[in-house]
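Working notes for the structure below.
The values are calculated or read from the model by the stated rules, or taken from the named source; none is laboratory data. These numbers come from a predicted model, not from an experiment. As a convention, Cβ positions derive from the backbone with ideal geometry for all residues, glycine included, and neighbour counts pool all protein chains shown.
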Amino acid sequence: MATLISFVGDSDPLRNDYDGPLLHLARCLKPQKIVLIHSQRSVQQNDRVCEALRSIAGYDPEIEINKEIISNDDVFVFDKMFDILYRIIKNYRENEDIVLNLTSGTPQMISAMFSVNRLSDLNVHAYQVATPVHSSNEGIEHDNQKDFKKLLHQDADNALHFKKRIIEDHGEKFQNILARRSVKELISCNDYRAAYQLILKYRPLGKSSQKKLNNSLTNLSDAIRYQNFIKEVTEADLPDNVKVLLNAYLIIAMQTRRELTSEVLIRVKNFAEACAKYYIEQKHSGLIILKKNLPYLNEKNCPDGLIDFINQDSNQTKKFFEFNDYLSLPLYVKIISFYNADDEVLLSLNEINKVNGTRNQVAHGLKPISKKAVKINLLSQSCFRLLKLIFGVETKWINFFDRKNEELVKSLL
């Protein structure tokens, strides 16, 4: 029995008055069973997907919904997509002819499909589905919110004679093309580790080109995994302390682009504290001292009125600041406000300080956080403003990953 296993993407089941990839594969191959792997986002379209599949004339497949619904955060993690898919295929492969959809889903989902298809111990067939115009879908809106009955009626592929757009993955040339395409998409999503793993496995480039690209991808991947320095930061003509903070900002920017909200929340407070501490030390030398590597107010150099200013709102919390309390971001904000309430640096520090409660919830608890409560793009922008205002870092660094990704993609050509 033939079984089609497919992730469900934004182009399923219909797009631009044609079959989406999943529906088109079912129409062309008519497998007896279809296994749908949903994310939290795509599961909302499940009824439409099933209705579209059953609308194919003379075809009534057994449709099975995989029990594990993938979180929206995990759909961009290659390792998790591969593990989920591999487990599913191993459950079906003994008694069934497996067909994989290489087109639906995120780049990480597609790469997982592609990788599983290339494992020697699995006997599967995999297909890519070309768009009706044989070019990118970019700029073509999704049909998810439109009248579905009308869309089914308008589907140009829903006809006795339709043009098949499926391409089977069965050759080295196609493997290299698809591998490069998958690597390109992974790079555009800043998933450098998954891109590196694909290149290492399929080796779609010449030896010297591959070595150079692998070195770049490894450097970027290790930066986010181990806080290693990004090569361009190491080579920059900047003081060492600024390099540390610039590297930290770029890691935050990378995580922001990948929508890793929890990771961003954890990092931005530490970043802001480091910037604020340096700023205060430059403006008011001797005000901060270190004890066991923690910052404290120096009682000997503390100006009159500062402690009262810090404690003026403490009646509400019943927690008064004392000299044996080490300094943190909320206290840095108060210290800077004491000296200059209109200081431009405060705008960025306050933007980060506003999410301190949510950050602590992530760091010390297990409850989910509200998407609406945290705008990580604003946090990342605030971090860069601190670098620019306090250290004079050039604006070019804010677009570092756009330029870097363009450079990496060019090396695939």
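Observations, loosely collected:
- Criterion: buried (at least 20 other Cβ atoms within 10 Å of the Cβ), more than 20 Å from VAL129 (Cβ to Cβ) and not assigned by TED's automatic domain parsing to the domain that holds THR256 - qualifying residue of PHE7, PHE78: PHE78
- Hey, ALA156 outside the structural domain of ARG267 (by TED's automatic domain parsing) and touching an Asp or Glu at 6+ places or on another chain (Cβ under 6 Å) or not: yes
- Scanning segment 340-372 for residues that are without any contact (Cβ under 8 Å) to a residue 60 or more places away in the chain and either in the same structural domain as ASN72 (by TED's automatic domain parsing) or of a type in the set (S, T, N, Q) (or both) yields ASN340, ASN350, ASN360, GLN361, SER370.
- Test: residue in segment 320-329 that is surrounded by 10 or more Cβ atoms within 10 Å (Cβ to Cβ), closer than 24 Å to SER380 by Cβ and out of contact with any Phe, Trp or Tyr (no Cβ under 8 Å at 6 or more places or on another chain): yes
- Qualifying helices (runs of 4 or more DSSP H) (wholly inside segment 340-402; at least 1 residues being at pLDDT below 95, within 24 Å of the chain's Cα centre (by Cα) and hydroxyl-bearing (Ser, Thr, Tyr)): 356-364
- Residue selected from segment 301-325 under the condition free of Cβ contacts under 8 Å to residues at least 12 places away in the same chain and charged (D, E, K, R), by the criterion farthest from SER337 (Cα to Cα): LYS318
- Unique match (being farther than 19 Å from LYS149 by Cα, at pLDDT 90 or above and of a type in the set (Gly, Ala, Ser)) among SER55, SER6: SER6
- The set of residues in segment 10-33 being surrounded by fewer than 24 Cβ atoms within 10 Å (Cβ to Cβ) and either under 21 Å from LEU151 (Cβ atoms) or charged (D, E, K, R) (or both) consists of ASP10, ARG15, ASN16, ASP17, TYR18, ARG27, CYS28, LYS30, LYS33.
- Residue in segment 281-295 that is surrounded by 14 or more Cβ atoms within 10 Å (Cβ to Cβ), at negative phi and of a type in the set (Ser, Thr, Tyr) present: no
- Contact map, segment 398-413: first residue within 16 Å of SER221 (Cβ to Cβ), second residue outside any helix (DSSP H, G or I) and at pLDDT 95 or above, Cβ cut-off under 9 Å, separation 6 or more or different chains; pairs are PHE400/ILE230; LYS404/ILE230.
- Subset of segment 244-260 (residues that are closer than 18 Å to VAL77 by Cβ and buried (at least 20 other Cβ atoms within 10 Å of the Cβ)): ILE251, MET254, GLN255, THR256, LEU260
- Only helices (runs of 4 or more DSSP H) whose full extent lies in segment 209-283 are considered here, and the ones with at least 3 residues that are under 19 Å from VAL393 (Cα atoms) and touching a residue at least 60 places away in the same chain (Cβ under 8 Å) are 240-257, 261-283.
- Residues being at pLDDT below 90, of a type outside the set (A, V, I, L, M, F, W, C) and outside any helix (DSSP H, G or I) are represented in segment 170-184 by at least one member.
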